[in-house]
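No value in this document is a laboratory result; all are computed from the given coordinates. None of the values given here were measured: they were computed from a predicted structure. So basically every Cβ, Gly included, is an ideal-geometry build from the backbone, and we count neighbours across all protein chains shown.
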Amino acid sequence: MNSKLISLGVAAFLAFLVCSEAPFVKMTNAVCESYNKSWVVFHYCRLKAYSRNKTSLNINATFLEPVNNASIKLKLMKKENGYKPFLIDVTLDGCKFLRKRNHPAVKMVWNLIKNVSTVNHTCPYVGLQVVKDFHRIELPILLPSGDYLLLLDWFFDGKKQFITNVYFNFNED
């Protein structure tokens, strides 16, 4: 009886996985721009297409001076007759977040890139910083289908140093 119940549960779980609709996320563009080339230099910031449905983000930047005071402005925009603010618009102390990881909206983005980047330690940051082969996007929240833009403005010592903008398409089948 017990083994029949377990096998029925496993079969139901597998049927759920096969039949459930999974959201589809594809990055469509990446833009990185340094406003202070004496502090941050981008070697490349691009998407690599593996197939029609799979792209990976690769960013390679060098911080020429040590960064001890970093702030990040994170904003999610949705395309509707131009990009409009949507759901997330926060500014936080980046060094403090890396010590405590206590902001839920930023933690969602952090959990996506922490395993594919070299920025997974606390301040100071200096030298080569890399995000390599970032392609696995699993969002813990459901978004309406459409085109989105994730804006990241990076401030060092209160001055805007660079931006990283990632455009993506979220399709809920």
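May I ask you to compute the full-extension gain from LYS132 to THR28, defined as 0.36 nm times their residue separation minus their alpha-carbon distance, rounded to one decimal in nm?
Taking LYS132 through THR28 to full extension adds about 35.8 nm, to one decimal.
Can you spot the aspartates and glutamates whose alpha carbon is less than 15 Å from LYS114's alpha carbon? Ignore those fewer than 8 places along the same chain.
Straight-distance partners of LYS114: ASP133, GLU138.
Which log10 I(q)/I(0) values, to two decimals, does segment 23-172 give at q = 0.18 Å⁻¹ under the Debye formula with one point per Cα?
Ignoring solvent entirely, the Cα scatterers give -1.17.
How many nm separate the modelled label positions at LYS79 and ARG101, each set 7 Å beyond the Cα in the direction of the Cβ?
3.2 nm
Please report the spacing between the Cα centers of segment 19-73 and segment 111-172 in Å, no decimals.
So the two Cα centres are separated by 6 Å.
Give LYS37/LYS100; LYS54/LYS100; LYS54/LYS159; LYS26/LYS159; LYS107/LYS160; LYS54/LYS75 a once-over and call out the pairs whose C-alpha atoms are over 26 Å from each other.
Listed pairs above 26 Å: LYS37/LYS100; LYS54/LYS100; LYS54/LYS159; LYS26/LYS159.
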